[in-house]
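Worksheet for the structure shown next.
Taken together, the values in this text are just the output of simple stated rules run on the coordinates, not laboratory data. Treat the numbers as computed from the prediction; the structure is a model and nothing was measured. Virtual Cβ from ideal backbone geometry, glycine too; neighbours counted across all protein chains shown.
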Amino acid sequence: MAKRVSIMDSHGVNKKPSPSRVRVAVRLRPYMEKGEDKVCVRGLDSQSLEIVNWRNQLETMQYQFDAFYGDKATQREIYTGSVYPILPHLLVGQNASVFAYGPTGAGKTHTMLGNPNQPGVIPRAVRDLLQMTRTNDNPDEEQWSYSITMSYVEIYQEKVMDLLEPKNKDLPIREDKDHNILISGVTQKTITTFSDFDEHFIPASQNRTVACTKLNDRSSRSHAVLLIKVQKNQQVPPFRQLTGKLYLIDLAGSEDNRRTGNQGIRLKESGAINSSLFTLSKVVDALNQGLPRIPYRDSKLTRLLQDSLGGSAHSVMITNIAPEQKYYFDTLTALNFAAKSKQIINKPFSQETTQAPAVQPTMKRPRDDLENSAPS
Ligand code: ADP
Ligand code: MG
């Protein structure tokens with residue numbers, strides 16, 4: 001009988017391990033504002049940053065994360081430091097999820113998708129998974145064969161829409177007897193090469209309809225969810241089957257839509273977005289605090305992620321932030337969601353060093369030893 005290892009791990013009788021933490025990385029995008037706008041946030045070291053305290057300009061707030069990537073960080077550094085290390089778990093039937101969180105314009109799509117010259121997390125992870133399942137260096141692996149499939153959906157106004165088959169507009173999320181979460185009726189395409197992936201992914205991305213509002217289009221108001229499933233089949237008895245799922249998610253903008261002039265239908269959308277992002281923040285908080293009840297069922301997004309966020313799953317949230325003053329309050333909200341710790345320091349924020357290396361010589365460097373160390 002096919003038995004999934006991850007089920008044993010996360011639902012073992014009376015031996016349930018505590019759910020794994022969600023690792024949090026923050027990425028600061030480069031300054032891009034054409035007009036004059038002050039910079040209000042800058043990096044300190046590989047785990048922390050500082051931001052102006054709006055209540056008191058003589059103070060700086062310092063935040064700490066599992067990893068901090070400054071405005072010079074490359075796509076490769078983010079991928080290598082925060083995403084690549086979780087891929088091997090998929091090959092042993094465990095699940096994983098990677099989210100890009102943050103306000104519109106802060107770099108979520110750049111981080112996840114990137115462009116042909118600077119490919120982001122999605123193309124890199126797909127390429128590496130295809131590679132990892134192709135090479136059979138380990139003799140123990142000879143009795144296994146792999147297959148990879150992809151699905152791509154959008155969660156918009158609490159509805160799951162199939163981007164590979166746009167007529168599927170409101171797909172139900174179900175749970176099977178082994179507690180695997182699945183999207184009933186969703187299209188799954190087998191991919192064996194990277195061009196297979198592109199062939200399905202590129203037109204599907206265009207299925208994300210665009211309707212402009214003052215600040216953001218629909219792609220900013222829906223969650224784009226790419227699912228890569230790695231299935232491992234044993235070729236000899238007992239013919240075990242392991243499935244590892246990787247969710248790669250470009251979340252809706254975390255900005256407060258009440259400030260963007262949205263009204264009517266847009267306002268209703270904002271409510272739905274904010275409630276599912278709000279639920280996500282409660283889930284991440286509950287997991288990271290080790291609370292007994294995780295409110296997965298309170299939104300479509302978290303319900304879908306129930307078997308791939310917490311439990312035996314490996315999750316990383318990449319919080320994207322922008323340095324300009326006009327993003328200040330959205331940045332603060334995102335940081336407060338993401339932070340492991342926060343400290344108010346009695347020292348004014350210094351503007352002049354934003355282009356220079358991250359650390360001021362006069363400042364104490366509490367985590368100097370961790371500088372440049374790759375997060376795992
Ligand atoms: P979001 O998806 O969060 O709305 P985008 O990824 O579209 O934000 O980024 C907004 C703009 O900033 C885009 O033009 C993008 O190319 C650019 N950008 C974002 N992050 C970076 C970065 N790290 N380096 C260079 N350009 C970036
Ligand atoms: Mg985007």
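Values computed for the structure shown
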{"item": "Inter-label distance, nm, simple model (7 Å from Cα along the C-beta direction), Q143/T333", "result": "5.4 nm"}
{"item": "Segment R174-Q118, length gained on full extension (0.36 nm per residue, minus Cα span)", "result": "16.5 nm"}
{"item": "Phi-based couplings in Hz for the stretch 67-77 (Karplus 6.51, -1.76, 1.60; Gly and Pro marked x)", "result": "8, 10, 10, x, 5, 9, 5, 8, 4, 5, 4"}
{"item": "Amide hydrogen neighbours beyond the local backbone of R27, cut-off 5 Å, H modeled", "result": "Y69, T319, N320, I321"}
{"item": "Computed lengthening from S275 to V236, 0.36 nm per intervening residue step minus Cα-Cα distance", "result": "9.3 nm"}
{"item": "Residues M32, M317, M150 arranged by fewest to most Cβ contacts within 10 Å", "result": "M32, M150, M317"}
{"item": "Estimated vicinal HN-Hα couplings, Hz - the stretch 78-84 in sequence order (Karplus 6.51, -1.76, 1.60; Gly, Pro = x)", "result": "5, 4, 5, x, 10, 10, 3"}
{"item": "From phi via Karplus (6.51, -1.76, 1.60), per-residue ³J(HN,Hα) for the stretch 290-301 in Hz, x at Gly/Pro", "result": "x, 5, x, 10, 10, x, 4, 6, 7, 8, 4, 4"}
{"item": "Amide proton proximity set for G311, modelled H, under 5 Å, gap of 5+", "result": "S20"}
{"item": "Under-5 Å amide H pairs with N95, H placed in peptide plane, nonlocal only", "result": "K245, H314"}
{"item": "D37 versus N346: modelled label distance in nm, points set 7 Å from Cα along the beta carbon direction", "result": "3.3 nm"}
{"item": "Ranking of T187, T149 by count of other Cβ atoms within 10 Å, fewest first", "result": "T149, T187"}
